[in-house]
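Notes for the one structure printed next.
The values are calculated or read from the model by the stated rules, or taken from the named source; none is laboratory data. Being a predicted model, the structure only gives us computed values, none of them experimental. In this analysis, Cβ positions are derived from the backbone assuming ideal geometry, glycine residues included, and neighbour counts consider all displayed protein chains.
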Amino acid sequence: MQAFPGPSTTLDAETGKAIHRTDYRGNWNEHYAPTPFDGHAYIHGPAIYAGSIEIATGEPLWWSVLPQYDDWTPAVDERYVYAYMGQYDPGLYVIERFTGELVDFIPDERFQWSGWDMDLSPVLGGMDDVIAIHGGRIMRFDLERGNIAWQREGAWQGQPAVARGVIYAVEGPELVALDQRTGQDLWRWNNGTRYYIRDEVLVTDSHVFVGTSSTHAIGLASRRVEWSYPLVGTLAIADDTLFIANYGGVAAAISLTEVEPARVTHLEIVAPVGISKSTAVQLGAEVSYDDGRVRDRTPSVEWSVHQTHLASITDDGLIEVTPGGPSKLLLTVTARYEEDGTDVSDTARVPILVPPSK
């Protein structure tokens with residue numbers, strides 16, 4: 001979201017002509033774009049206010065006093081407006097959507113002041129929670145319990161995205177997928193170049209979109225770049241189209257129209273015929289689809305080894321034998337994969353041999 005000075009202008013989507021303008025200028029304010037919801041625009045208003053404006057008429061409905069900051073916009077749901085603000089009373093402000101009355105406040109006792117720009121919008125998590133990133137921290141506000149459920153220090157930045165119980169956020173040069181309930185890492189993606197990941201993250205049912213020197217579509221199942229487009233900038237998705245607008249005035253619209261998805265048919269574990277006991281071994285998992293495709297899904301399967309006292313296997317399919325034990329081992333390894341409600345699995349017997357002594 002790009003900051004801009006007031007006033008707010010409502011444009012006709014078909015013609016681009018201004019319908020009306022609502023002046024809400026402050027003394028030194030810069031603003032993020034308003035948040036539209038159910039015929040109203042919820043907005044960072046003049047100086048120290050957040051407000052609601054009726055889109056059809058441009059008439060202000062209410063203003064609510066908040067700490068004075070630039071560069072933010074609220075999140076909105078059916079009942080409430082959410083604003084994460086800093087000093088002098090840092091925390092999450094919960095405002096009644098129809099009246100502007102403050103109904104709840106969750107304090108953030110670890111807030112670190114870094115200037116009078118918030119540079120964020122809180123993100124609704126869909127589990128009675130709100131996600132925010134500020135000052136290198138990512139945190140999850142629990143609205144039911146009225147506290148911060150978890151927070152993590154680091155180099156977190158930009159706007160996170162949330163889908164199906166997973167938070168996607170940028171930490172330094174990496175895109176990180178976090179378990180929404182616990183805040184623990186699920187997986188990470190590093191672009192492997194000198195380009196850092198841009199702040200914005202968008203997610204759909206199948207892909208997460210981030211920008212480096214290009215905009216990348218990373219498959220949620222493959223955890224790899226499945227296609228890229230050589231333009232980076234502000235991202236938005238509407239009507240099955242990805243819009244990219246850079247700050248040089250160049251824009252692109254990329255069709256994301258879904259086709260009938262191929263169905264998973266079976267899974268096969270890829271393992272060597274014989275393995276030395278002294279070496280960690282990488283197993284693979286290939287998933288076949290009814291359109292003839294075969295995809296590597298090694299990082300996405302659930303791995304298990306039956307003889308846990310003899311060997312262990314990581315989430316990425318790396319198997320390691322416990323030191324000592326019998327000279328010959330026949331391990332039983334299972335891989336399970338689920339996609340769009342279809343479960344497939346495979347079991348393989350992996351012989352591990354101790355090399356003969358010299």
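Below are the figures for this structure:
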quantity: Unmet criterion (only one of (1) of a type outside the set (A, V, I, L, M); (2) part of a loop (DSSP other than H, G, I, E, B); (3) without any contact (Cβ under 8 Å) to a residue 24 or more places away in the chain; (4) closer than 18 Å to ALA217 by Cβ) for GLU109; calculated: (4)
quantity: Number of positions in the stretch 60-97 that are of a type in the set (Ser, Thr, Tyr), in a loop (DSSP other than H, G, I, E, B) and surrounded by fewer than 22 Cβ atoms within 10 Å (Cβ to Cβ); calculated: 2
quantity: Among residues of the stretch 238-260, those that are closer than 21 Å to GLN157 by Cβ and modelled with pLDDT under 90, counted; calculated: 2
quantity: Residue that is farthest from the chain's Cα centre (by Cα) [pool: residues in the stretch 261-279 that are modelled with pLDDT of 70 or more, aliphatic (A, V, I, L, M) and surrounded by 12 or more Cβ atoms within 10 Å (Cβ to Cβ)]; calculated: ALA271
quantity: Residue pairs meeting the criteria (Cβ under 7 Å; at least 6 apart or on separate chains; first surrounded by 15 or more Cβ atoms within 10 Å (Cβ to Cβ), in the stretch 318-331; second part of a loop (DSSP other than H, G, I, E, B) and modelled with pLDDT under 70); calculated: VAL321/LYS277
quantity: One residue from ALA238, ALA221, ALA245 being at negative phi, assigned by TED's automatic domain parsing to the domain that holds ARG198, of a type in the set (A, V, I, L, M) and touching a residue at least 60 places away in the same chain (Cβ under 8 Å); calculated: ALA221
quantity: Residues being within 20 Å of ALA163 (Cβ to Cβ), among the β-branched types (Val, Ile, Thr), in a loop (DSSP other than H, G, I, E, B) and within 18 Å of the chain's Cα centre (by Cα) - total across the stretch 202-258; calculated: 1
quantity: Residue under evaluation GLY192, criteria (1) crowded, with 16+ Cβ neighbours inside 10 Å; (2) on the phi > 0 side of the Ramachandran plot, criterion not met; calculated: (1)
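Quick grid of which residues meet (1) farther than 30 Å from VAL301 by Cα; (2) at pLDDT 95 or above; (3) in a strand (DSSP E or B):
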{"position": "PHE105", "(1), (2), (3)": "yes, yes, yes"}
{"position": "MET118", "(1), (2), (3)": "yes, no, yes"}
{"position": "TRP150", "(1), (2), (3)": "no, yes, yes"}
{"position": "PRO160", "(1), (2), (3)": "no, no, yes"}
